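Below: the structure, in structure tokens.
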Amino acid sequence: MMYMIIMVLICITFLTLLEQKVLSYIQIRKGPNIVGFLGLIQPFSDAMKLFVKEMMFPIWSNFLIYYYSPIFSFMLSLILWLIFPFYFYCFSFNLMYLFLFSFMSLGVYFIMISGWSSNSTYALLGSLRSIAQTVSYEVCLIMVFLCFLIFTLSFNIMMFLNYQVLMSFIFLNLILSFIIFVIFLSETNRSPFDFAEGESELVSGFNIEYSSGGFALIFLAEYSMILLLSMIFCFMFIYNSFFYFIFFIKFMLLSYLFIWIRGSVPRYRYDKLMNLTWKIYLFISLLMMLMFMMLKLMFLI
């Protein structure tokens with residue numbers, strides 16, 4: 001378990017460097033290239049700078065809640081990695097996806113508490129936006145997942161992997177795989193759905209009052225969720241074999257896709273975001289779920 005956490009932290013470190021490099025080349029400029037060979041030590045120097053700096057506290061903030069909220073948010077993002085399906089069944093259990101969705105729904109509380117405890121108007125508005133956005137898209141996420149649950153009849157990730165030995169689920173329904181990727185973008189508050197951190201109107205959203213270590217932990221939690229959801233997408237849709245090196249290439253390409261979208265797609269409008277989930281994605285996912293139920297009944301008959 002400790003080995004896995006260390007590997008996740010190293011992945012998060014170099015994902016931040018990859019994001020800086022990709023965004024800089026998209027903007028036709030050089031990224032970090034001074035600290036170490038080609039800037040490889042830049043993430044470590046950034047982390048050292050953030051954790052060594054003095055942490056400032058707003059005078060009217062609720063100190064204990066404000067202080068511990070980023071810590072618990074980061075701990076939650078690491079706990080979710082327990083669902084990683086080891087073949088020796090060290091942490092494998094039958095309700096993996098139920099565990100995932102239960103703990104993912106807890107993540108919104110820490111954003112809400114961070115914004116509220118800062119006692120800042122911008123932070124509170126950013127947290128309220130994030131709550132509405134996350135809750136709305138989690139409804140569609142559950143509906144899309146139920147479509148494939150009807151086929152596998154199990155909450156265990158290993159069952160999803162066994163069903164994809166011959167054919168990946170992405171070929172079963174390309175529309176649902178696209179919808180769930182957009183939902184993952186929304187769940188992680190990434191562009192074009194980064195309304196909790198809208199620089200143009202909320203400065204930095206729910207984390208505006210955080211500095212040094214608290215700021216670093218919030219973004220470590222965000223990048224950990226990006227890696228986790230990329231892994232979940234690979235297992236659910238484009239899995240072929242866990243031991244093949246190609247799986248990890250797909251995993252990193254999906255993480256790269258999060259960064260690429262941030263650099264190339266403008267921010268969506270908030271009312272259109274809500275219309276997208278409640279009027280389009282929810283309708284499509286319900287229709288697909290009915291279709292999958294009919295197909296399953298036909299095969300059973």
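Quick notes on this one:
- Residue that is more than 19 Å from residue 230 (Cβ to Cβ) and touching a residue at least 60 places away in the same chain (Cβ under 8 Å), where the choices are 148, 169, 155: 155
- One residue alone among 64, 76 is in a helix (DSSP H, G or I) and either at pLDDT below 80 or surrounded by fewer than 15 Cβ atoms within 10 Å (Cβ to Cβ) (or both), and that residue is 64.
- The residues on offer are 107, 31, and the sole one that is among the small types (Gly, Ala, Ser) and farther than 14 Å from residue 224 by Cβ is 31.
- Scanning the range 1-41 for residues being among the β-branched types (Val, Ile, Thr), outside any helix (DSSP H, G or I) and under 21 Å from residue 191 (Cβ atoms) gives a total of 1.
- Among (1) of a type in the set (S, T, N, Q); (2) at pLDDT below 80; (3) closer than 22 Å to residue 169 by Cβ; (4) in contact with a helix residue (DSSP H, G or I) (Cβ under 6 Å, 6 or more places away or on another chain), the one test that residue 204 misses: (3)
A quick yes/no check of all residues on (1) in a loop (DSSP other than H, G, I, E, B); (2) crowded, with 21+ Cβ neighbours inside 10 Å:
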residue: 151; (1), (2): no, no
residue: 161; (1), (2): no, no
residue: 166; (1), (2): yes, no
residue: 178; (1), (2): no, no
residue: 183; (1), (2): no, yes
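- Any hit, the range 112-120, residues being modelled with pLDDT of 80 or more, within 28 Å of residue 281 (Cα to Cα) and assigned to a helix (DSSP H, G or I): yes
- Failed item in (1) part of a helix (DSSP H, G or I); (2) small (Gly, Ala, Ser); (3) under 18 Å from the mean Cα position of the chain (by Cα), with residue 214 passing the rest: (3)
- Residues in the range 135-194 that are under 25 Å from residue 299 (Cβ atoms) and of a type in the set (Gly, Ala, Ser) were compared, and the one that is modelled with the highest pLDDT is 177.
- Whichever residue in the range 104-144 is crowded, with 22+ Cβ neighbours inside 10 Å and of a type in the set (Phe, Trp, Tyr) and, among such residues, is farthest from residue 61 (Cα to Cα): 137
- Beta carbons closer than 9 Å, at least 6 apart along the sequence or on distinct chains, pair a first residue in the range 73-85 that is among the β-branched types (Val, Ile, Thr) with a second that is in a loop (DSSP other than H, G, I, E, B) for 83/91; 83/92; 83/93.
The values are calculated or read from the model by the stated rules, or taken from the named source; none is laboratory data. None of the values given here were measured: they were computed from a predicted structure. Using ideal geometry, Cβ is built from the backbone for each residue, glycine included, and neighbour counts are taken over all protein chains shown.
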